[in-house]
Every structure is written in structure tokens, then in C-alpha cells.
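The next block holds one structure in the form of C-alpha cells; read it before the comments.
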Amino acid sequence: MTIRTETVHEGVRLLTMDRPHRRNALDAADYQALATAIDAADDDPDVRVSVVTGAGGVFTSGNDIENFQDRTEGVGAGMVLLRALVCARKPIIAAVEGFAIGIGTTMLLHCDFAFAGRATRFRVPFVPLGLCPEGGSSYLLPQVAGLKRATELLMLGDEFDADCAAEAGLINRVVPDGDALEVALERAARLAAAPAESVELTKMLLRRPLRDAVLGTLDVEAVHFGRRRQSEEAQAAFAGFMRR
Ligand code: COA
């Protein structure tokens, strides 16, 4: 099992991506397990907030690139997680260390809070990989980062640091390395102790104006992403990474 689920504090469910030999890269089973855990949290009256983190000092290196090499799969397994994140009723907090690449960065747009260790490196390398933006990032990143900065991050696909991620609105705060989970759990405990309906209503009201646009964007991005994933350019980039 590469997604660990545990209750760490009353009302707080911790979801840990734990596949260190691939820097917590996500495959179809991982996406499904995370989505199921998020849906289950919404349905469980004992859970008030979920915290998502990665084991081994790394958040996630994004989609498993070996899986990207499967040309028979169109859109990609990540959609199930992205839809679960967008539709979640209870708060989700990300605790990020090490690396957050691809969907590891774009999923932060759907988390209600995100904290990252100072040395964390972020990257949305869709264009260098011959792909295109996913995860609703083509809509949400310009909203939180501004169009010019979003274009720079998404079109060049360069690595960026935690200060840049904070300035771009991807995370709430940069924290000392190794402290992201502690800070996330402290916020989670406070939310778990707050009036539950007020917390859920606040999330709903904050996200409602964007929700339909985000879901629509996920679908449009998925069509293009699915095509690009099968392109010669993308397949060459995946093969290049896997045989380094
Ligand atoms: N998919 C599949 N395998 C991956 C992976 C991914 N997304 N990310 C890392 N791995 C594997 C590597 O192939 C390597 O396997 P090996 O030990 O069998 O050679 C192992 O995980 C460690 O990776 P490595 O690159 O040596 O670690 P690092 O700490 O130097 O670098 C990253 C970490 C995350 C910066 C780097 O692995 C990376 O850039 N990964 C690809 C990220 C990516 O492009 N994701 C897709 C986004 S759409």
C-alpha cells in the first residue's frame, strides 16, 4: 500500500504518499486510493479535516512517468484524484517537503491550506515533457499567481523555490525544513475544533464561484493532455527520463 491513511488527532485524517523509491510518484492505484480517502473523509462524521503529505522528506514527483509510457491510457488516472479534490466538502491541508512536481504542484491549487519547507522545489514541467497544463492549473494558476507569472511557470516549466511558490499563491507559508507537517497538523487541529458546519460552509462559499469553471477546465485540459501524452515528443521525453 503506497497511500497510508491514519487518524492522528481527533477529527484529523492524515494521508501519506509513501513510495520513496520513486520519490512518491503516483500511479493509478495511488490516485484511486487518495480519491477514495478524500471521499471517505467527507462521508465520515468523525473526520473534520484531511492532511496530505509525502513520506521520506518528499511530497511527490508527480505522475509515474513509466505509466505515462502506456499509450493505451488516454486522459490519465490523475483525473479521479483531481475531481475528488475539487468536489471535497471538508478542508484539505497539504504539508510539502523536498519536491512537488507536476500534479504534486497543481494539486496544491485545490488544497485549502498548504505549507512547504524552505528547501522544497516545485515544478510544472508539462511543456518540457511535451504535454500541456493539467489539474485545472491553466485556469486556477493565473487566478492566484497572475497571468504573466502563470505563463512563465507553465510555459517554461522551470523549477522554482518555496518563496516563489508562496508569491505565486500556491502555498500559504514557507516554514523551516521538516516543519511542514507539524504546522499543517496544528492548523488541522484548530479546524477540527471549530464549528464543523461553519468550516464546510466557508470552504463551499470560497470555492463555489470557481467550481464549475475548474471542473470544465479539468475536462478541456484532459482532452489535450491525453492527446499530447501519446505524441512522439512526449513519449520520447518519458523514455529519456526512464533510461537516465
Ligand atoms: N515517475 C517514475 N519514476 C520516478 C519519478 C516519476 N515521476 N520521479 C522519480 N522517479 C524515480 C527515478 O527514476 C529514480 O529511479 P531509480 O532509482 O530506479 O533510478 C528514483 O525515482 C529516484 O529519482 P532521482 O531522479 O534519482 O531522485 P532525485 O532526488 O535526484 O530527483 C526528482 C527527484 C523528483 C526531482 C526527479 O526524480 C524528477 O525530476 N522526477 C520526474 C518528475 C516529473 O517530471 N514528473 C512528471 C510531471 S508531469
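Throughout, read-outs are computed from the coordinates displayed, never taken from laboratory work. All values reported here derive from a predicted model rather than from experimental measurement. Glycine also receives a Cβ, built like all others from the backbone with ideal geometry; neighbour counts cover every protein chain displayed.
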task = Mind checking which of Leu14, Ile171, Thr60 is farthest towards the positive end of the range 3-180's charge dipole, using Cβ charges of +1 (Lys, Arg) and -1 (Asp, Glu) about the Cα centre?
result = Ile171
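DSSP H helices in the chain with Cα extent of 18 Å or more along the helix axis and mean Kyte-Doolittle hydropathy at least -0.5?
Working: long enough: 28-43 (23 Å, 0.09); 180-193 (20 Å, 0.74); 196-229 (42 Å, -0.19).
Those that clear 18 Å and a mean of -0.5 are 28-43, 180-193, 196-229.
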query = Using the 10 angstrom Cβ neighbour count as an exposure proxy, how do Thr60, Thr72, Thr2, Thr202 rank, fewest first?
reply = Thr72, Thr202, Thr2, Thr60
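When Lys148, Lys90, Lys203 are ordered from fewest to most other Cβ atoms inside 10 Å of their Cβ, what list results? List each step's numbers first, then the result.
Details: Lys148 9, Lys90 22, Lys203 17.
In order of increasing Cβ crowding within 10 Å: Lys148, Lys203, Lys90.
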ask   = Per-residue HN-Hα couplings for the range 67-72, Karplus 6.51 cos²θ - 1.76 cosθ + 1.60 at θ = phi - 60°, whole Hz, x for Gly and Pro?
value = 5, 4, 6, 6, 6, 6
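Count neighbours as other Cβ atoms within 10 Å of each site's Cβ, and list the GluC sites (Glu not before Pro) in the range 47-107 that are DSSP loop with at most 16 such neighbours.
Glu73
What is the order of Cys164, Cys87, fewest Cβ neighbours within 10 Å to most?
Numbers: Cys164 19, Cys87 15.
Placing the least packed residue first, the sequence is Cys87, Cys164.
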remark   = Projecting the Cα atoms of Ala84, Phe122, Ala28 onto the charge dipole of the range 3-180, where Lys and Arg contribute +1 and Asp and Glu -1 at Cβ, the residue farthest towards the positive end is Phe122
query = Shape of the range 153-219 from its Cα gyration tensor (a ≥ b ≥ c, root eigenvalues): rounded if a/c is under 1.5, otherwise prolate when a/b > b/c, or oblate?
reply = oblate
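Taking all pairs of different Cα atoms in the chain, averaging 1/r and flipping that mean, what Kirkwood radius in angstroms comes out?
Numbers: mean 1/r = 0.0561 Å⁻¹.
Answer for the chain: a Kirkwood hydrodynamic radius of 17.8 Å.
Taking only C-alpha pairs under 8 Å that are 6+ residues apart, what is the relative contact order of the chain in percent?
Working: 483 pairs, mean separation 53.8, N = 244.
Once divided by the residue count of the chain, the mean separation gives 22 percent.
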Rounded Å value of the spacing that divides the Cα centres of the range 130-159 and the range 165-243 = 13
query = For the residue pair Ser198 and Gln230, what label-to-label distance in nm results when each label sits 7 Å from Cα along the Cα-to-beta-carbon direction?
reply = 5.2
query = Among the GluC sites (Glu not before Pro) within the range 129-225, which fall in a DSSP loop and have no more than 14 other Cβ atoms within 10 Å of their own Cβ?
reply = Glu159
task = Would you grab the residues whose amide H sits under 5 Å from the one on Arg121? Only those 5+ places off in sequence or on another chain, please, with H modelled 1.01 Å from N.
result = Gly98, Phe99, Ala100
